[in-house]
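Inspection log for the structure reproduced underneath, given as structure tokens.
The values are calculated or read from the model by the stated rules, or taken from the named source; none is laboratory data. The model shown is predicted, which means the values in this text are computed figures rather than measured ones. In this analysis, Cβ positions are derived from the backbone assuming ideal geometry, glycine residues included, and neighbour counts consider all displayed protein chains. We work out accessible area using only protein heavy atoms, side chains counted, and drop any ligands, DNA or RNA first. Shrake-Rupley method; radii C 1.70, N 1.55, O 1.52, S 1.80 Å.
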Amino acid sequence: GKPRHHIVFGTFGRKDDHRLGREAVSMSDAMFLWGVFRYAPLLETVLGGDCEMQPAALEGYAVHFPLAGSDPQLIRQPDGVTDGVLIAGMPPAMRVRLWYFLEGLGGSSVEAEVSLLPGGGRVLATVWMPPHLPSQDEVGALWDIDAWIAQWGDIWVEAAHEAMDALSHGGQSLVGRWEMMKQRGATRVRAGQVDRPSLRADFAATKDVEVITPRRPYTEYFTLTDHDLRFRRFDGSMSPMVRRAGFVGGDAATVLPYDPVSDSVLVVEQFRAGPLMRGDPHPWTLEPIAGRIDPGELPEDAIHREALEEAGLEIGELFAIGNYYPSPGAVTEFVYSYIGLADLAGRGGEIGGVDHEDEDIRTHVLSFERLMELITAGEVNTGPLILSAYWLAQNRAGLRPSG
């Protein structure tokens, strides 16, 4: 029931003349979609249902994998052919949903000639063009939709569900929020990859939790969900309706670097908003190296990346400590924690972090005994560091050189 004008279309209101020939028939309401939109579950999620479409191709362009990330890259290539689908007569509600999603990806719309497949003539249609067309040396291999689906398909669909939910709750622009939605989408995909419980009740969210009124009042770097729901009780009955809120973020990975030769560890110190907002007069905390797991990234990959970013440190062999919810009552964060072997000789006192994330991180190299003293004194008060230290206390003898 919201009026269409509440959507901010940005640069999509500007059409560039991109005709490749004069013999094509104009279809002013036709839309040519390529790349990720060839994945039917994603397109259905964005549009909110099925619609009629026809295979088509855009000549003079090719689609490649990016050097990093998940967005297919369109490049100009004289002999290239980009496969896609043509949608004509799209219902207004679907068109609003599609442009809302595309606006979050950036770019502009152009009018281009596309070929209907197989051999069905040529038409002029609206084509979404990304904000930047890279050169051949700025992209990876030719894009393969099956390979993309295997790594990214479920993540994009999960993220698109959140994006389209945002549209239904006011239509705030996706610009600047889509990347974090992909991270949360990857978290939900990862959460579904668990074994059936052996000790816990064989309850499942799909059949033993009823969400009566879903709410998502806040979506930025993090998001907040606030639902009215019922859940299965251990006596088999359903609970009365309760209201439960959850602070939603991406999964994280931590690593405590350990040097078995010197029996020392490296910890990082940085300002944290959580202690500040709790009223802690000293909101700088001691922690293991840690960071969010990027979409499509393994926890181990995140550890090696974060160790370089935060401490300029190369991590060797990893030992898994455990995977866990630090505070499952209200926080969705799931953490993968490790001990990582490293050479810490001459280290300590470096300042690290990523500028575009406004990080300011200082490193400390401590003897293992000093670390345990700080835990006992309460100066180390972050869960992942305490957990890592206790695992190391139990296992470090097996990591140290014999003799």
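Need the C-alpha centroid separation for segment 204-245 versus segment 113-143, integer Å.
If we compute the Cα centre of each part, the gap is 43 Å.
Taking a ≥ b ≥ c as the square roots of the Cα gyration tensor eigenvalues, with a/c under 1.5 meaning rounded and otherwise prolate when a/b beats b/c, else oblate, which class fits segment 144-261?
Oblate shape, in that a/c is at least 1.5 and b/c is the bigger or equal ratio.
In the chain, what percent of the accessible surface is made up of carbon and sulfur (1.4 Å probe, ligands and nucleic acids excluded)?
54
Based solely on its DSSP helices, what 222 nm [θ] is calculated for the chain when runs of n ≥ 4 H residues each add -39,500 (n - 2.57) and the sum is averaged over all residues, nearest 500 deg cm²/dmol?
One gets -7500 deg cm²/dmol as the mean residue ellipticity at 222 nm.
Mind listing which trypsin sites (Lys or Arg not before Pro) in segment 186-230 are in a DSSP loop and have 11 or fewer other Cβ atoms within 10 Å?
ARG200
Please work out, to two decimal places, the log10 of the ratio I(q)/I(0) at q = 0.24, 0.28, 0.29, 0.32 Å⁻¹ from a Debye calculation in which every Cα of segment 235-289 carries one identical scatterer.
The calculated log intensity ratios at q = 0.24, 0.28, 0.29, 0.32 Å⁻¹ are -1.05, -1.12, -1.13, -1.16.
Please compute the modelled spin-label separation between ARG370 and LEU199, points set 7 Å along Cα→Cβ, answer in nm with one decimal.
Taking the two extended label points, one gets 3.7 nm.
Of the listed values (1) 1.06; (2) 1.18; (3) 0.98, identify the label whose number matches Cα Rg over 2.2 N^0.38 Å calculated from this model.
Identified label for the calculated read-out: (2).
What's the extension gain from SER262 to ALA141 if we count 0.36 nm per residue and subtract their Cα-Cα distance? Walk me through the numbers on the way to the answer.
Numbers: separation 121, 0.36 × 121 = 43.56 nm, distance 4.47 nm.
Computed gain between SER262 and ALA141 is 39.1 nm.
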